[in-house]
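Here's the structure we're looking at; comments come further down.
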Amino acid sequence: MAIGVRPINNAGCRKIIGKFPSVKMQTVIWWESQIERDYIYLLEIDSDVVAYYGQPFKIQYTDKGKSRNYTPDFLVERMRTAMGQKSLKIPHRSSIYRAVSNLEPSEKAEKRYGKRIAGLMYDPVKQGPRPTRPLERVEIDHTLLPMFVVDTDNRMPIGTPWLTSAVDKYSGITLGYYASARTSQLLICDAVFVSRHSS
């Protein structure tokens, strides 16, 4: 854990302090305000920043004849500065929002929710085989209903019912449905029976 020359604590006051686990520095960086915390986030993702240190050293100076000490919040080493180039100006918040708004929706979704969720949201879905006659393809769905059944006599809960339905994909006609306290194979057997005798 990196501890600067001036230890950070909130003794005697109510300021917000905390620790940031820095991947770039491979240590923990202390902060004593939310502004410092946000600045650490920027330093962490800024590719131009080679290294940064919290509370790095003390500066002694004289003010009106009195000797005083000042401790900078951070020491930042930048790649451009080390190469003798001018430092890049930090973009305004509106510029960052404008750059994000110009990104592809799928790219923003991947950064926010992950690749799998972004794929479900934006990846093209291929069309499955299309039936050419009735009962060539029947889709069966089991759904747990958002309710529970109670006994009419004692009002005690019996359970949450399942709804099983079979739909002919070609015509869109519902071949049957069945509600039960548990998933039932009865509807599947009936649908297979009808299909065999209708062919």
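Listed here are the residues, each with its yes/no results for (1) modelled with pLDDT of 85 or more; (2) surrounded by 10 or more Cβ atoms within 10 Å (Cβ to Cβ); (3) more than 27 Å from Tyr39 (Cα to Cα); (4) not assigned by TED's automatic domain parsing to the domain that holds Asp168.
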| position | (1), (2), (3), (4) |
| --- | --- |
| Asn102 | yes, no, no, yes |
| Ser106 | yes, yes, yes, yes |
| Ala109 | yes, yes, no, yes |
| Arg112 | no, no, no, yes |
| Met121 | yes, yes, yes, yes |
| Thr132 | yes, no, yes, yes |
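For the stretch 72-94, give me each residue that is part of a helix (DSSP H, G or I) and modelled with pLDDT under 70.
Taking the stretch 72-94 and keeping what is part of a helix (DSSP H, G or I), we get 79-82, 93-94.
Correct list: Thr81, Ala82.
Which condition breaks for Asp63 when tested against (1) surrounded by 10 or more Cβ atoms within 10 Å (Cβ to Cβ); (2) farther than 30 Å from Tyr170 by Cα?
(1)
How many of the residues in the stretch 98-146 are in a loop (DSSP other than H, G, I, E, B) and under 30 Å from the mean Cα position of the chain (by Cα)?
Going through the stretch 98-146, the residues in a loop (DSSP other than H, G, I, E, B) turn out to be 102-104, 114, 123-137, 145-146.
Keeping just the survivors that are under 30 Å from the mean Cα position of the chain (by Cα) gives 102-104, 114, 123-127, 145-146.
Total satisfying the criteria: 11.
Here's the yes/no breakdown for (1) more than 23 Å from Ile96 (Cα to Cα); (2) of a type in the set (Lys, Arg); (3) at pLDDT below 80:
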| residue | (1), (2), (3) |
| --- | --- |
| Arg6 | yes, yes, yes |
| Gly12 | yes, no, yes |
| Ile16 | yes, no, no |
| Gln26 | yes, no, no |
| Asp38 | no, no, no |
| Gln55 | yes, no, no |
| Lys66 | yes, yes, no |
| Tyr70 | yes, no, no |
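The values are calculated or read from the model by the stated rules, or taken from the named source; none is laboratory data. This structure is a prediction, so every number in the text was calculated from the model and none was measured. For neighbour counting, all protein chains shown are included, and Cβ atoms are generated from backbone atoms with ideal geometry for every residue, glycine included.
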